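Engineer: Okay, here's the structure, questions in a sec.
The values are calculated or read from the model by the stated rules, or taken from the named source; none is laboratory data. Quantities reported herein were computed from a predicted structural model and do not represent experimental measurements. For neighbour counting, all protein chains shown are included, and Cβ atoms are generated from backbone atoms with ideal geometry for every residue, glycine included.
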Amino acid sequence: MAFVQSDGYEAKIPAIKVKLVSTHGAGDEFIGALAAELARGATLERAVNSGNEAAARLVSSPEA
């Protein structure tokens with residue numbers, strides 16, 4: 001779960017459940033996606049969701 005807090009706004013963003021393969025690079029993927037969304041003008045909550053989604057894709061096994 002991620003906790004977002006900014007200017008009095010708070011949100012809890014649940015983790016995405018995946019079949020884990022490897023955690024290598026998950027943090028970098030999360031921060032990169034988050035930063036890209038913020039640079040595009042997204043809200044912090046949307047950017048965190050995007051980071052969660054990107055990291056989940058990176059660490060999980062591809063669907064068969």
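Engineer: Go through the range 21-59 and give me each residue that's under 26 Å from Asp7 (Cα atoms), of a type outside the set (A, V, I, L, M) and in contact with a helix residue (DSSP H, G or I) (Cβ under 8 Å, 6 or more places away or on another chain).
Structural biologist: Those that are under 26 Å from Asp7 (Cα atoms), of a type outside the set (A, V, I, L, M) and in contact with a helix residue (DSSP H, G or I) (Cβ under 8 Å, 6 or more places away or on another chain): Gly27, Glu29, Phe30, Gly32, Glu37, Arg46, Ser50, Gly51, Asn52, Glu53.
Conditions tested, residue by residue: (1) closer than 23 Å to Pro62 by Cβ; (2) of a type outside the set (Asp, Glu); (3) loosely packed, with under 10 Cβ neighbours inside 10 Å; (4) in contact with a Cys (Cβ under 9 Å, 6 or more places away or on another chain).
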residue: Phe3; (1), (2), (3), (4): no, yes, yes, no
residue: Ser6; (1), (2), (3), (4): no, yes, no, no
residue: Pro14; (1), (2), (3), (4): yes, yes, yes, no
residue: Asp28; (1), (2), (3), (4): yes, no, no, no
residue: Thr43; (1), (2), (3), (4): no, yes, no, no
residue: Ala47; (1), (2), (3), (4): no, yes, no, no
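Engineer: Ok, one more. How many residues does the range 53-64 contain that are out of contact with any Leu (no Cβ under 9 Å at 6 or more places or on another chain) and surrounded by 14 or more Cβ atoms within 10 Å (Cβ to Cβ)?
Structural biologist: Residues in the range 53-64 being out of contact with any Leu (no Cβ under 9 Å at 6 or more places or on another chain) and surrounded by 14 or more Cβ atoms within 10 Å (Cβ to Cβ): 4 in total.
Engineer: While we're looking at this one, here's another question. Could you tell me whether Lys19 is modelled with pLDDT under 95 and either within 9 Å of the chain's Cα centre (by Cα) or among the charged types (D, E, K, R) (or both)?
Structural biologist: Yes; evaluated as a whole, the condition is true for this residue.
Engineer: Oh, and also: Report the residue count in the range 22-43 for those that are part of a helix (DSSP H, G or I) and more than 11 Å from the chain's Cα centre (by Cα).
Structural biologist: Number of matching residues: 3.
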